[in-house]
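The values are calculated or read from the model by the stated rules, or taken from the named source; none is laboratory data. Everything numeric in this text was worked out from a predicted model, so none of it was measured. So basically every Cβ, Gly included, is an ideal-geometry build from the backbone, and we count neighbours across all protein chains shown.
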Amino acid sequence: MLGSSPTTLILGSLPSNTSLEYQQYYAHPRNAFWPIMANLFSFDLTLPYEQRCDLLKQHNIAVWDVLRAGNRKGSLDQNIDNKTMIINDFESFFQIHASIKKLIFNGTKAETTFKHALPSLNLSMQRLPSTSPAHATLSFEQKLEAWRDALSL
């Protein structure tokens with residue numbers, strides 16, 4: 001999901017099975033990503049997916065994944081087979097999208113995988129609590145506050 005001149009790129013690790021099935025980022029009904037975005041940007045969570053994406057683009061936010069491919073059983077990041085991971089082509093991506101100034105990692109796996117592939121990139125980077133329902137150590141309100149702070153809202 002990419003607008004014309006994004007300034008912030010939110011990176012997940014690899015789409016969940018539900019996201020792949022629906023061809024939508026963060027499609028699992030218990031994933032907190034869209035409820036957090038709806039809260040931060042004051043839109044109706046029941047809007048169609050394309051309209052929610054357009055609203056993020058209007059705020060210069062792009063969404064992508066660190067991995068282009070990888071094998072795993074289920075949807076948990078911890079089950080990704082590291083030997084099968086294929087990293088997206090970020091060098092070309094950042095050449096084309098030089099407007100991006102800030103990277104936000106949706107969870108630890110996205111951050112560690114990205115930093116292993118591109119250890120010295122001159123952009124602001126921040127790991128946030130995963131919005132995955134599997135990451136239950138923080139409440140929705142705690143995740144929301146961390147995301148609000150990172151997006152400076």
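Among the residues of segment 114-136, write down those that are hydroxyl-bearing (Ser, Thr, Tyr) and either more than 13 Å from the chain's Cα centre (by Cα) or at pLDDT 95 or above (or both).
Ser120, Ser124
Select from segment 56-77 the residues that are out of contact with any strand residue (DSSP E or B) (no Cβ under 9 Å at 6 or more places or on another chain) and farther than 23 Å from Thr137 by Cβ and write down the one among them that is surrounded by the most Cβ atoms within 10 Å (Cβ to Cβ). Restricting to residues being out of contact with any strand residue (DSSP E or B) (no Cβ under 9 Å at 6 or more places or on another chain) and farther than 23 Å from Thr137 by Cβ, the top hit is Lys57.
Mind listing just one residue for me: the one in segment 35-45 that is at pLDDT 95 or above and within 15 Å of Gln24 (Cα to Cα) and, of those, surrounded by the fewest Cβ atoms within 10 Å (Cβ to Cβ)? Checking each candidate, the answer is Pro35.
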